[in-house]
Every structure is written in structure tokens, then in C-alpha cells.
Amino acid sequence: MKKIIFLIALTFLGAKLQAQQDLPENPKPGKCYVRCTTPDVYENKTVQVKITPEYKKLKTYPAEYKTVTEKVVIKEASKRLKVIAAKYETKTVTFVKKQKASSLQIIPAKLGTDSETVEIKPAFAQWELGVSAPDCASSNPDDCRYWCYKGYPAEFTTIPIKVLSSDATIESSPINEKEATYTKRVVVEPAKVIEEEIPAEYATITKTVLVKDAYTEEIIVPATFEDITKEVLTQKGGLTTWKEVECSLVEYSALPISWNLGSATLTAAAKRLIDTRLMPVLANNPGAKMEIASHTDVRGSQENNKNLSDRRAQSVVNYLITKGVNNSRLVANGYGETRVKNRCSEGVSCTEREHAVNRRTEFRLIQ
């Protein structure tokens with residue numbers, strides 16, 4: 001902690017020594033000094049400024065027309081079709097009402113009687129066992145018997161039958177053709193179409209036709225110029241030496257401008273006051289800087305009062321610049337209601353005269 005305090009003390013001492021080294025040498029007791037800078041040196045130069053550029057102006061001319069008459073078709077030519085009907089006559093036509101044919105008659109078949117013998121059992125033969133031989137010595141009755149192969153004749157029967165005497169036939173008889181008649185209308189002369197021409201119909205019309213379309217003409221308007229005089233920096237100013245000045249000039253001095261209520265506009269009287277009070281001080285102290293300070297009373301909001309005082313101080317600075325004072329030598333400060341000179345602070349009832357003391361504009365020379 002002690003080390004930190006020691007370092008801070010050394011830093012403060014070094015800054016103080018450096019500031020003292022920057023002070024005027026051999027100052028006189030009871031005198032005041034300001035540090036002056038050589039002013040920037042300007043010279044007036046005339047330059048030509050193009051006020052309006054060269055441009056084209058277009059002039060228009062309307063279209064030109066003429067009136068003409070024209071024959072037009074209002075109904076086109078066409079054709080009319082005339083139909084002539086066909087001519088007819090009546091004719092009798094004979095036709096076969098019933099065609100000829102044949103009538104068929106069937107003659108049935110005729111049958112006669114007869115008989116036919118039919119074998120109903122064919123002739124055959126078979127082995128048959130005979131009686132025992134009389135001289136058979138065997139006691140078996142089946143021994144000593146004879147086998148004979150015996151034949152039998154066929155058997156027949158006779159049955160009555162019918163026989164065809166004559167087969168069935170067909171007998172054809174003709175059926176005669178029958179005729180009849182009818183009448184019909186036949187075309188003697190066919191229908192036909194005759195074309196008849198229908199001529200076109202015309203009318204005369206009046207119309208306006210274009211002779212020459214609208215057009216434009218270009219006219220070149222030359223550029224215009226104006227000679228402007230402007231300040232051109234020819235030599236940059238800088239820090240010089242300390243200068244002895246009247247001590248009253250480094251103190252705030254009143255600049256008794258009568259501002260209109262709520263206004264930051266300089267009147268003619270205010271400009272004359274600046275010319276007689278401030279311009280000589282700046283001229284007699286070349287290179288010195290001047291602060292313009294403006295104040296208000298406590299009535300109204302702090303923000304509005306600060307803004308109003310800023311604008312009033314800047315108005316004075318702007319006017320001095322128009323009189324040729326370099327902007328680098330001027331400082332505008334508005335303090336609003338922060339530096340009242342009497343008891344008239346917020347909430348204190350004061351007279352108009354007391355408030356007027358605080359509504360002031362001041363100036364002083366500064367480093």
C-alpha cells in the first residue's frame with residue numbers, strides 16, 4: 001500500500017514539475033499571461049463554381065394530321081341461291097304379287113302278302129351213352145357200355161310277311177303366278193339451284209390520317225458558373241510563447257447582449273456590441289483563444305436551458321467567424337442554469353431583476 005502511495009506521489013510531482021516547465025519564463029508579479037499561437041494564415045482565392053450543369057432541354061412538336069375521304073364497303077357482294085323444284089309424273093307399275101309354284105301330292109307305298117320259312121333250330125350231333133353189353137364181365141354198371149355219336153336234323157317254322165308292291169311317290173301340280181299393279185311418282189325434271197348475284201353496298205367515310213408523328217427537338221442549355229471567394233490556408237499556425245495580457249481579460253467579462261425570449265438569433269444591436277467589445281480584444285491579442293460562455297436562469301427544464309445556452313454561445317462564435325476570426329481561436333460553451341450568480345436556484349422565488357442577473361453571456365481569454 002505504501003509503495004502504491006509513493007508511486008502516486010512521484011507521478012503527481014513529475015506532472016507538476018512538467019507544468020511548471022511549461023510556464024512563462026521570468027514572469028512579473030501581478031501580471032497575467034496567455035499562451036498564444038501564431039494564427040493560421042489564409043488568403044482569399046476566387047474559384048469558379050458550376051451553379052447549374054449543361055443540360056438538354058427538349059421541345060416537343062405535336063403530330064400533324066389531315067382529313068381524307070374514302071369509299072368503303074359497308075356490305076360485301078354475295079350470291080342469292082334460288083331453288084327450282086323437281087317435276088314429277090305418275091306411272092303404273094306391274095309387279096308379281098304371287099310367284100308361280102308347285103303343289104305336291106304324296107302317293108303312299110303299296111304292300112302285298114307272302115310267307116317265309118325260318119330255321120329256328122339248326123341241325124346238330126352229340127355223343128350219347130348206350131346200354132351195357134350183354135357180355136360184360138364187370139360188376140360196374142358203367143363199364144362195358146357203348147358211346148354213339150348221334151345226329152339230329154334242323155327245325156323250321158313258316159311266318160307270314162308283307163312285301164313291297166310299289167314304293168311311295170310324289171305327284172306335282174303347278175300353281176299359276178299372280179300379278180298386280182301400283183302407281184308411283186317419277187322425276188321428269190330434277191330440282192336445280194340458280195345463283196343470283198347480289199352487288200356490294202358502299203359508303204363514303206371521313207377520317208383523320210397521320211401526316212407527321214410527334215417529335216422532339218433538343219436544345220442545349222449551357223452550364224452557368226459563379227465566382228466564389230474562399231479562404232485558402234497558406235501557412236499553418238502553431239504554438240509560440242506566453243504573452244502578457246491584462247488580467248481582466250482572463251476573467252469572465254460581461255457581453256451584455258439582450259437576447260429575445262427563447263431565441264439564439266443575434267439582433268443588429270448585438271452584432272454591433274460584438275464588433276466593439278470582442279473584435280478589438282481578438283485583434284490586440286493575436287493567437288490568443290477566446291471562450292464565449294452563455295448562461296440562463298433556472299426557470300424551464302435543465303435540458304432546454306442547456307440547449308438554449310449552447311445555441312446562444314455558438315451564435316456569437318459563428319458571427320465572429322464571418323468577421324474573419326479563425327475558428328481555432330474560438331470556443332463556445334453553454335452552461336445553462338448550472339452557474340447562477342445569486343440565490344435564485346431551483347425552488348427559490350426571485351424577482352425578474354434577480355433572474356436577469358443569471359441570464360448573461362460572457363467572454364474571456366483562455367490558454
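The values are calculated or read from the model by the stated rules, or taken from the named source; none is laboratory data. Please read all numbers here as calculations on a predicted model, not as lab measurements. Cβ sites come from the backbone with ideal geometry, for glycine too, and all protein chains shown count toward neighbours. Surface areas here come from the heavy atoms of the whole protein model, side chains and all, with no ligands, DNA or RNA. Shrake-Rupley method; radii C 1.70, N 1.55, O 1.52, S 1.80 Å.
Would you confirm, using the coordinates I've provided, whether GLY336 is among the small types (Gly, Ala, Ser) and open to solvent by 80 Å² or more (accessible area, probe 1.4 Å)?
Taking the combined requirement at face value, the residue does not satisfy it.
If only one of VAL34, VAL47, VAL68, VAL73 is within 58 Å of the chain's Cα centre (by Cα), open to solvent by less than 90 Å² (accessible area, probe 1.4 Å) and modelled with pLDDT under 85, which one is it?
Within the list VAL34, VAL47, VAL68, VAL73, the selection yields VAL47.
Go through the range 314-353 and give me each residue that's small (Gly, Ala, Ser) and touching an Asp or Glu at 6+ places or on another chain (Cβ under 9 Å).
GLY324, SER328, ALA332, GLY334, GLY336, SER345
Which ones in the range 341-367 are buried (at least 16 other Cβ atoms within 10 Å of the Cβ) and within 30 Å of PRO280 (Cβ to Cβ)?
ASN358, ARG359, ARG360, THR361, GLU362, PHE363, ARG364, LEU365
Taking the conditions exactly as written (touching a Leu at 6+ places or on another chain (Cβ under 7 Å) and open to solvent by less than 30 Å² (accessible area, probe 1.4 Å)), does VAL298 satisfy them or not?
Taking the combined requirement at face value, the residue does not satisfy it.
Would it be correct to say that ALA313 is outside any strand (DSSP E or B), in contact with a strand residue (DSSP E or B) (Cβ under 7 Å, 6 or more places away or on another chain) and either open to solvent by less than 50 Å² (accessible area, probe 1.4 Å) or closer than 19 Å to ASN358 by Cα (or both)?
Judged against the criteria, ALA313 is a match.
Filter the range 342-367 down to the residues that are within 17 Å of ILE292 (Cα to Cα) and in a loop (DSSP other than H, G, I, E, B) and list them by number.
Of everything in the range 342-367, those that are within 17 Å of ILE292 (Cα to Cα) and in a loop (DSSP other than H, G, I, E, B) turn out to be ARG359, ARG360, GLN367.
Can you spot a residue in the range 110-117 that is at pLDDT below 75 and surrounded by 10 or more Cβ atoms within 10 Å (Cβ to Cβ)?
So far as the range 110-117 goes, no, none of its residues is at pLDDT below 75 and surrounded by 10 or more Cβ atoms within 10 Å (Cβ to Cβ).
Inside the range 59-136, counting only strands (runs of 3 or more DSSP E) that do not spill past its ends, which hold 3 or more residues that are basic (Lys, Arg)?
It comes to 64-75, 78-84, 87-98.
Looking for something surrounded by 14 or more Cβ atoms within 10 Å (Cβ to Cβ) and among the hydroxyl-bearing types (Ser, Thr, Tyr) - is there at least one such residue anywhere in the range 317-329?
Within the range 317-329, one or more residues are surrounded by 14 or more Cβ atoms within 10 Å (Cβ to Cβ) and among the hydroxyl-bearing types (Ser, Thr, Tyr).
May I ask you to list the residues in the range 195-208 that are surrounded by fewer than 10 Cβ atoms within 10 Å (Cβ to Cβ) and assigned to a strand (DSSP E or B)?
Answer for the range 195-208, where residues must be surrounded by fewer than 10 Cβ atoms within 10 Å (Cβ to Cβ) and assigned to a strand (DSSP E or B): GLU195, GLU196, GLU197, THR204, THR206, THR208.
Regarding GLU218, is this residue open to solvent by 100 Å² or more (accessible area, probe 1.4 Å) and under 60 Å from the mean Cα position of the chain (by Cα)?
Spelling it out, GLU218 is indeed open to solvent by 100 Å² or more (accessible area, probe 1.4 Å) and under 60 Å from the mean Cα position of the chain (by Cα).
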